[in-house]
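Following: one structure in structure tokens, then a few remarks.
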Amino acid sequence: MKILEHPDLAYSQVAQWRQSGQRVGLIPTMGALHAGHLSLVRRSLEECDRTVATIFVNPTQFGPGEDFAKYPRTQQQDLSGLSELGVDLVFAPSQSDLYPEGFSTFLQPPAAAEPLEGIFRPIHFRGVVTVVLKLFHILPATIAYFGQKDYQQLTVIRRMVHDLNVPILVQGCPTVRQADGLAMSSRNRYLTAQQRPSALCLWKALESAKRMFEQGHREVSAIEAEMQRILKQEGADRIDYARIVDAEYLTDLQRIDRTAVALVAVHVGQTRLIDNCLLEV
């Protein structure tokens with residue numbers, strides 16, 4: 001497994017593979033890898049000739065007071081796991097490699113970035129789309145794999161690629177969950193043993209939304225109210241949102257008359273967690 005830090009060297013290697021006709025899969029990560037990330041790697045290994053992963057904690061997607069400084073960094077462990085799986089290349093740049101002195105160019109994210117996370121983390125998606133577009137230029141892969149756990153992020157990146165004619169396929173992959181339903185997340189490691197049961201409030205709220213939908217309920221306000229009730233009852237310390245929106249554009253719905261997505265964001269102690277589930281018509 002090659003480990004490269006400099007963008008030019010990484011570009012040269014991936015471009016060489018593409019020019020020889022090989023399919024290249026890309027898994028962008030911020031490290032602290034868990035089973036969810038590794039499922040994306042395995043998908044790429046199955047579908048592509050070469051697999052590239054990135055490890056970079058992107059400072060521009062963290063707002064003031066967020067957890068950039070304490071975000072878990074486990075690079076040696078991550079590299080070991082990726083090597084064992086058979087990844088061909090890891091791009092692990094320094095901050096100065098991607099944001100050199102004088103850097104001042106940022107991408108305006110699409111409209112799908114405005115609701116939900118866009119309200120509570122207003123600069124988040126500007127940083128996400130900027131760094132992802134940079135990675136797509138540096139690593140001109142065939143397919144990029146993203147988990148559906150970060151559903152809004154997946155939607156925003158898909159819109160960016162569509163709107164800007166970026167020649168890469170964005171493939172969403174199912175959320176990987178622990179046995180009790182908690183979505184795998186690098187931030188789960190912030191939870192104390194006492195807080196861990198309360199984190200299940202997200203999945204319980206989503207299950208209640210899905211159950212109501214399957215029973216024939218279509219009024220969004222009623223399902224959202226039930227999600228809020230479950231979140232409060234099951235241990236959320238603060239609720240940022242519990243919403244049901246159009247699955248493609250993340251626009252508001254009054255009734256579920258097309259495929260929708262239920263999304264929740266809550267704080268358990270000091271840890272902010274997000275999750276979602278599709279409600280498919």
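Where a number appears in this text, it was derived from the coordinates with a stated rule and is not lab data. None of these values were measured; they are calculated from a predicted model. Cβ sites come from the backbone with ideal geometry, for glycine too, and all protein chains shown count toward neighbours.
Can you give the longest run of the chain that contains no GluC sites (Glu not before Pro) sitting in a DSSP loop with at most 13 other Cβ atoms inside 10 Å? Value returned for the longest uninterrupted segment is 102-279. Measuring r between the beta carbons of residue 5 and residue 194 and using R0 = 45 Å, the FRET efficiency lands at 0.65. For the range 38-95, just say rounded, prolate or oblate: build the C-alpha gyration tensor, square-root its eigenvalues into a ≥ b ≥ c, call rounded for a/c under 1.5, and beyond that prolate if a/b exceeds b/c, oblate if not. The shape class here is prolate. Placing pseudo-labels 7 Å out from each Cα toward the beta carbon at residue 15 and residue 49 gives an inter-label distance of 1.8 nm. Here the range 1-62 and the range 199-226 have alpha carbon centers that stand 36 Å from each other. In this simple spin-label approximation, residue 217 and residue 95 carry label points 7 Å from Cα along the Cα→Cβ vector, and these lie 4.5 nm apart. For residue 149, a cut-off of 21 angstrom between C-alpha atoms picks up these lysines, skipping any fewer than 8 places away in its own chain: 204, 210. Using Cα springs under 10 Å in a Gaussian network model of the chain, which residue among 147, 21, 118 shows the largest mean-square fluctuation? Largest GNM mean-square fluctuation: 21.
The charge dipole of the range 2-173, taken about its Cα centre with unit charges on the Cβ of Lys, Arg, Asp and Glu (plus for the first two, minus for the last two), comes to roughly 240 debye. Shape verdict for the range 76-128, please, from the Cα gyration tensor: rounded (a/c under 1.5), prolate (a/b greater than b/c) or oblate. Oblate.
All C-alpha to C-alpha distances of the chain, sorted into 5 Å bins beginning at zero, yield P(r) values of 1, 5, 12, 16, 18, 17, 13, 9, 5, 2, 1, 0 percent in whole numbers. Dividing the mean sequence gap of close Cα pairs (under 8 Å, 6+ apart) by how many residues the range 8-50 holds gives a relative contact order of 45 percent.
Residues of the range 222-266 falling in the label zone of residue 111, defined by backbone nitrogen less than 15 Å from a point 7 Å along Cα to beta-carbon, are 246-253. Shown here for the range 173-273: chymotrypsin sites (Phe, Trp or Tyr not before Pro) in loop regions (DSSP other than H, G, I, E, B) with at most 15 other Cβ atoms within 10 Å, namely 249. A DSSP coil position with no more than 15 other Cβ atoms inside 10 Å describes the following chymotrypsin sites (Phe, Trp or Tyr not before Pro) in the range 55-146: 68, 103, 106.
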